[in-house]
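The values are calculated or read from the model by the stated rules, or taken from the named source; none is laboratory data. For clarity, every value in this text was computed on a predicted model and none was experimentally measured. Every residue, glycine as well, gets a Cβ built from its backbone with ideal geometry; the counts of neighbours run over all protein chains shown. Surface areas here come from the heavy atoms of the whole protein model, side chains and all, with no ligands, DNA or RNA. Shrake-Rupley method; radii C 1.70, N 1.55, O 1.52, S 1.80 Å.
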Protein chains: 4
Amino acid sequence: MSQKKTQSSLRQKIFNLVQHKYFTGTILSLIIFNAIVVGIETYPTIYQSHKQLFFLIDKALIWIFTVEIVLRMMAERKLSDFFKSSWNWFDFLIVAAGHIFIGAHFITVLRILRVLRVFRAISVVPSLRKLVDALLLTIPALGNIMLLMSIIFYIFAVTGTMLFQEVAPEYFGSLQLSLLTLFQVVTLESWASGVMWPIFHELPWSWIYFVSFVLVGTFVIFNLFIGVIVSNVEKADAADKVDEMAELKNEVKELKQLIINLSKEKSS
Amino acid sequence: MSQKKTQSSLRQKIFNLVQHKYFTGTILSLIIFNAIVVGIETYPTIYQSHKQLFFLIDKALIWIFTVEIVLRMMAERKLSDFFKSSWNWFDFLIVAAGHIFIGAHFITVLRILRVLRVFRAISVVPSLRKLVDALLLTIPALGNIMLLMSIIFYIFAVTGTMLFQEVAPEYFGSLQLSLLTLFQVVTLESWASGVMWPIFHELPWSWIYFVSFVLVGTFVIFNLFIGVIVSNVEKADAADKVDEMAELKNEVKELKQLIINLSKEKSS
Amino acid sequence: MSQKKTQSSLRQKIFNLVQHKYFTGTILSLIIFNAIVVGIETYPTIYQSHKQLFFLIDKALIWIFTVEIVLRMMAERKLSDFFKSSWNWFDFLIVAAGHIFIGAHFITVLRILRVLRVFRAISVVPSLRKLVDALLLTIPALGNIMLLMSIIFYIFAVTGTMLFQEVAPEYFGSLQLSLLTLFQVVTLESWASGVMWPIFHELPWSWIYFVSFVLVGTFVIFNLFIGVIVSNVEKADAADKVDEMAELKNEVKELKQLIINLSKEKSS
Amino acid sequence: MSQKKTQSSLRQKIFNLVQHKYFTGTILSLIIFNAIVVGIETYPTIYQSHKQLFFLIDKALIWIFTVEIVLRMMAERKLSDFFKSSWNWFDFLIVAAGHIFIGAHFITVLRILRVLRVFRAISVVPSLRKLVDALLLTIPALGNIMLLMSIIFYIFAVTGTMLFQEVAPEYFGSLQLSLLTLFQVVTLESWASGVMWPIFHELPWSWIYFVSFVLVGTFVIFNLFIGVIVSNVEKADAADKVDEMAELKNEVKELKQLIINLSKEKSS
């Protein structure tokens, strides 16, 4: 039992350390430092002449971040508590990947991982974490409309491949290429000048395909847009309307009580 | 009468079968299978070497879907009930077209029909069907603004053809070409770099035509956009406001009754 | 006095004629016929071989429209009443211009006027007229933000001309050319690929000019957009809120009266 | 004390002068005149032949504006009062810069300063000043989302530079170039035709980078957009709801008082 107590008090100390504002501050500074370092590394002349230094800095950073994660794990009552938060999973995977791929031959993978560590700035700053959580929460509401969009994309991609495979192999050569081209078309980028006109000059009826896809695609995205705006306005509205209404209802209830009392007094 | 009863009980059995979740599930799986098959068919090497197999799969699918439609027709009390739903019409036409065009020489038409069958995924999944119904319901409200847009398009197309027919025959060579070009311009795609600048270098006053069309076109679309947002916010607002207000009104009415009772008691 | 009476009853008859649904219907049909004719005229082969016919049709149409306008003028109590509506001005000018320019050497001006007559479809159909009135009503509210936009455009145009006149004379050769280029940039059309990159390769600091204009320009347009949405939602909201609230207030007032009566009864 | 009084009365006179509508009117006219002059100066032939005149006009304008600023400073009780308004700082800096750079060899800097003076039209017209104040007030609310956008931009820029430095040096040659390219991509301008396709033909997996950046970038901007709309609709709603509600509450309170009085009367 005494051992458990000691362990518990150690956990408490680690918890206090991890929750300390200087702890978060230091980690955030190191993430920013990490960001600057990967930025400088993109300049080949600097990188080549200080390769060893960059290697050492990276080694140091990865171990500091590992210690940070381990401390945060130890601060929890149970290890499973740590993995309840998806942000902790995110931190854990980013750091763990750095260890796993360290011996990798693909130097680019390692370097990209180092860049992705900068995303940890979001998980460390609470206001950013809340913002990203809010942004991600809007996605499930879009589920059905994204499913519909996928069906439309797929049908148009298959049709496009069948129809224009030979005329425009650079845009509709295969199913995956058609999907990429349709994504370009739905952003309205060079859909006419780049994609439609060259095909149009070969197959004059091809405008039906493009115009209908642009109309359907933008119409669905437009409705997705409206859906999100409306649901947000509604939510915000409901929130502050409730307060006002609740106050008024209380007033009316008090009034009722007064009248009931009055009527009782009378009958007595 | 006994015959009618038998018939009715057969109808009931078919109805139960058609409404069964496994029935819908099987049809949905077959539609997804159909989608995958048409996707694979777009790869010429695979298609050429398994032409016979793809033909057989298609034959099988079209007969299964035909049986499905016939069963769903028989499940209804009257055949005309089946055709009351526009989704049933959609299903019927997609499948019927497969039979009609089966002997067609235009192999592409047949293949596109096979792709369009994937759209049946929408008519089978209730949540998607509701979503598409909702999307289509926003169209009638846009009737007037689309009529206005058509008038603007037509006038600009005729004017554009008259003015730029000789200078830019690839964009304004005929009325139908001008309409297509104006559709490109209203999506703001290469309207300046592709369409206006070459004409501008020949006819310096041509910018008036393009700038006014871009301003008028985007202004009308922008108002169409706002109209839809506002009507949706309003609808959503009205829906949840009514509840709150109705509750409050009930409270006030109860109050009134109390006072009236009080006043009656007094006079008695 | 008898003459006045006759005149008045003639006016009444004309008024009845002008208001008759067949009158408006006929005019609308003629406008649509006019639209089809100008559409056909854009095909040079048809136009050249039937030049005389098109000339006669146009002559007939212009006189019919003239008679229509004159009748509508006579239907009014005073001529000045006719010119109170800006739609009447619009109709009058479109038709009058056809007479003024009939001897013009510039055949294109005449033909464009004939196309503009199609716009009269808007002034004849009441629902379209209301829609356009509503659209035009949103413009004054945008006055200040459009003034701000003009100042920003002018300053950037002058600066752009000064800075890039020699490097990119095709886009910034003169003040008017710069304004047109900036309009292209604010629609985000080829602002980078067409306009910025070639200048950027000569003057590496030029990105500051373009990025700041894109940011400021889209930010202002974006706020204009929001302003219109908000004011519309508000208006719509206010409209249906007033009804609900008014009802509730009436209920509360009735309640008050009941209590006052009760208190009077008591004291009496 | 008498000196102070004199000084005070002088201050009062200057204050009256500065607040006079003709004073503001004159300054606004001079700013517009200044705008026209800098506009004319962009035409090289006119500028070269009247260089001396333009120089004199500019000298005159700068001294008039200096006198204006000094008078407005003297009209304030304390000099520090003048610098409390950021618009006064803006006016002061624009005019002061004209004096500082007058001997500058960089003639372009001087000319741009002359153009920037046109911005003073905003600080002089109250309605424009209010509009710009309102626009700038929306920026702090966007703080977090702009921080998030910066992190996303930075990570994609570093990754892009690492991955495409050698394949597309004209777009991803260095970190600053990548940032500029990503800004172009997020405006959806030639992101596919200009930037992605050439890289795609070298590195077929590169579409993942571009598609994910377009999706993430537009998604964040889209949410920023929605956030601003919602907060504005809410604000506007709250403003006019309060009035209606306050009125209703007052009615209910009066009612309460009436009932309390009734109950008192009774017990007495």
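Across the range B:186-199, what is the number of residues that are closer than 17 Å to C:Trp191 by Cβ and in a helix (DSSP H, G or I)? Walk me through how you get there before you give the answer.
In the first step, residues of the range B:186-199 are kept if they are closer than 17 Å to C:Trp191 by Cβ; the result is B:187-197.
With in a helix (DSSP H, G or I) added as a condition, the list becomes B:191-197.
Result for the range B:186-199: 7.
Only one of (1) among the β-branched types (Val, Ile, Thr); (2) at pLDDT 90 or above; (3) open to solvent by 50 Å² or more (accessible area, probe 1.4 Å) is not met by D:Ile31, so which one is it?
With (1) among the β-branched types (Val, Ile, Thr); (2) at pLDDT 90 or above; (3) open to solvent by 50 Å² or more (accessible area, probe 1.4 Å) applied to D:Ile31, the lone miss is (3).
Scan B:Trp207, B:Trp191 and give me the residue that is open to solvent by 40 Å² or more (accessible area, probe 1.4 Å), facing chain C (nearest Cβ under 10 Å), in contact with a helix residue (DSSP H, G or I) (Cβ under 6 Å, 6 or more places away or on another chain) and at pLDDT 90 or above.
Going through B:Trp207, B:Trp191 in turn, the sole match is B:Trp207.
Checking the conditions here, which among C:Glu166, C:Glu170 is more than 14 Å from chain B (Cβ to nearest Cβ), among the acidic types (Asp, Glu) and open to solvent by 20 Å² or more (accessible area, probe 1.4 Å)?
Values: C:Glu170 fails: more than 14 Å from chain B (Cβ to nearest Cβ).
Just one listed residue meets the conditions, C:Glu166.
Residues of the range B:117-159 being among the polar types (S, T, N, Q) and farther than 26 Å from B:Gln184 by Cα, which ones? Give the steps one after another, and end with the answer.
So in the range B:117-159, the residues among the polar types (S, T, N, Q) come out as B:123, B:127, B:138, B:144, B:150, B:159.
Listed by number, the residues that qualify are B:Ser123, B:Ser127.
Do we find that A:Phe225 is assigned to a helix (DSSP H, G or I), open to solvent by 20 Å² or more (accessible area, probe 1.4 Å), more than 21 Å from A:Val158 (Cβ to Cβ) and at pLDDT 75 or above in this structure?
Numbers: assigned to a helix (DSSP H, G or I): yes; open to solvent by 20 Å² or more (accessible area, probe 1.4 Å): yes; more than 21 Å from A:Val158 (Cβ to Cβ): yes; at pLDDT 75 or above: yes.
When the stated conditions are applied, A:Phe225 passes them.
Kindly list the number of the only condition in (1) at pLDDT below 90; (2) within 14 Å of chain A (Cβ to nearest Cβ) that fails for D:Ser178.
With respect to (1) at pLDDT below 90; (2) within 14 Å of chain A (Cβ to nearest Cβ), D:Ser178 is out only on (1).
Please work out which one of (1) open to solvent by 60 Å² or more (accessible area, probe 1.4 Å); (2) farther than 25 Å from A:Leu147 by Cα is the condition B:Gly143 fails and give its number.
All conditions are met except number (1).
If B:Leu128 satisfies every condition in (1) within 12 Å of another protein chain (Cβ to nearest Cβ); (2) in contact (Cβ under 8 Å) with a residue 60 or more places away in the chain but one, which is the exception?
Among (1) within 12 Å of another protein chain (Cβ to nearest Cβ); (2) in contact (Cβ under 8 Å) with a residue 60 or more places away in the chain, the lone unmet condition for B:Leu128 is (2).
Which of the residues that make up the range C:11-55 are among the aromatic types (Phe, Trp, Tyr) and under 27 Å from C:Lys78 (Cβ atoms)?
So in the range C:11-55, the residues among the aromatic types (Phe, Trp, Tyr) come out as C:15, C:22-23, C:33, C:43, C:47, C:54-55.
If the condition is that a residue be among the aromatic types (Phe, Trp, Tyr) and under 27 Å from C:Lys78 (Cβ atoms), then C:Phe15, C:Tyr22, C:Phe23 are the ones that fit.
Report, by residue number, each residue of the range A:42-84 that is exposed (fewer than 14 other Cβ atoms within 10 Å of the Cβ) and of a type in the set (S, T, N, Q).
Scanning the range A:42-84 gives A:Thr45, A:Gln48, A:Ser49, A:Gln52, A:Ser80.
How about the range A:254-268: which of its residues are more than 11 Å from D:Lys256 (Cα to Cα), modelled with pLDDT of 70 or more and within 10 Å of chain B (Cβ to nearest Cβ)? Don't jump to the end; show me each part of the working.
Restricting attention to the range A:254-268, the residues satisfying the condition of being more than 11 Å from D:Lys256 (Cα to Cα) are A:260-268.
Those left that are additionally modelled with pLDDT of 70 or more: A:260-264.
Once the filter is applied, which keeps residues that are more than 11 Å from D:Lys256 (Cα to Cα), modelled with pLDDT of 70 or more and within 10 Å of chain B (Cβ to nearest Cβ), the range A:254-268 yields A:Ile260, A:Leu262, A:Ser263.
If you take the residues in the range C:210-222 that are among the β-branched types (Val, Ile, Thr) and farther than 16 Å from D:Glu189 by Cβ, which one is most open to solvent (accessible area, probe 1.4 Å)? Steps first, please.
Step one: of the range C:210-222, the residues among the β-branched types (Val, Ile, Thr) are C:211, C:214, C:216, C:218, C:220-221.
Still in the running and farther than 16 Å from D:Glu189 by Cβ: C:216, C:220.
Details: C:Val216: 56, C:Val220: 6 Å².
Step by step, filter the range C:210-222, then rank; the result is C:Val216.
Would it be correct to say that D:Phe156 is within 11 Å of chain A (Cβ to nearest Cβ), touching a Gly at 6+ places or on another chain (Cβ under 7 Å) and crowded, with 21+ Cβ neighbours inside 10 Å?
Against the criterion (within 11 Å of chain A (Cβ to nearest Cβ), touching a Gly at 6+ places or on another chain (Cβ under 7 Å) and crowded, with 21+ Cβ neighbours inside 10 Å), D:Phe156 does not qualify.
When you look at D:Glu170, is it part of a loop (DSSP other than H, G, I, E, B), in the same structural domain as D:Trp205 (by TED's automatic domain parsing) and free of Cβ contacts under 8 Å to residues at least 60 places away in the same chain, yes or no?
On the way: part of a loop (DSSP other than H, G, I, E, B): no; in the same structural domain as D:Trp205 (by TED's automatic domain parsing): yes; free of Cβ contacts under 8 Å to residues at least 60 places away in the same chain: yes.
No; evaluated as a whole, the condition is false for this residue.
Would you confirm whether or not the range B:38-60 contains a residue that is touching a residue at least 40 places away in the same chain (Cβ under 8 Å), within 14 Å of chain A (Cβ to nearest Cβ), of a type in the set (A, V, I, L, M, F, W, C) and part of a helix (DSSP H, G or I)?
For the range B:38-60, residues touching a residue at least 40 places away in the same chain (Cβ under 8 Å), within 14 Å of chain A (Cβ to nearest Cβ), of a type in the set (A, V, I, L, M, F, W, C) and part of a helix (DSSP H, G or I): present.
Suppose we filter the range D:130-167 for residues that are outside any helix (DSSP H, G or I) and of a type in the set (D, E, K, R); how many remain? Spell out the reasoning first.
Step one: list which residues in the range D:130-167 are outside any helix (DSSP H, G or I), which gives D:142, D:165-167.
Those still in the list that are of a type in the set (D, E, K, R) too: D:166.
The total comes to 1.
Taking the condition at pLDDT 95 or above, facing another protein chain (nearest Cβ under 7 Å) and either assigned to a helix (DSSP H, G or I) or open to solvent by 10 Å² or more (accessible area, probe 1.4 Å) (or both), does A:Phe183 pass? If you could, list the steps in order and put the result at the bottom.
Numbers: at pLDDT 95 or above: yes; facing another protein chain (nearest Cβ under 7 Å): yes; either assigned to a helix (DSSP H, G or I) or open to solvent by 10 Å² or more (accessible area, probe 1.4 Å) (or both): yes.
Criteria met by A:Phe183.
Output the residues belonging to the range C:7-28 that are open to solvent by 70 Å² or more (accessible area, probe 1.4 Å), modelled with pLDDT under 90 and under 24 Å from C:Ser123 (Cα atoms). Reasoning before the result, please.
In the first step, residues of the range C:7-28 are kept if they are open to solvent by 70 Å² or more (accessible area, probe 1.4 Å); the result is C:7, C:10, C:12-13, C:15-17, C:19-22, C:26.
Narrowing further to those that are modelled with pLDDT under 90: C:7, C:10, C:12-13, C:15-17, C:19-22.
Once the filter is applied, which keeps residues that are open to solvent by 70 Å² or more (accessible area, probe 1.4 Å), modelled with pLDDT under 90 and under 24 Å from C:Ser123 (Cα atoms), the range C:7-28 yields C:Gln12, C:Lys13, C:Phe15, C:Asn16, C:Leu17, C:Gln19, C:His20, C:Lys21, C:Tyr22.
Confirm whether B:Ala96 is crowded, with 17+ Cβ neighbours inside 10 Å and either at pLDDT 85 or above or part of a helix (DSSP H, G or I) (or both). Can you show your working first?
Values: crowded, with 17+ Cβ neighbours inside 10 Å: no; either at pLDDT 85 or above or part of a helix (DSSP H, G or I) (or both): yes.
In short, no.
Within the range B:65-79, identify whether any single residue is without any contact (Cβ under 8 Å) to a residue 24 or more places away in the chain, part of a helix (DSSP H, G or I), within 14 Å of chain A (Cβ to nearest Cβ) and of a type outside the set (Asp, Glu), and answer yes or no.
no
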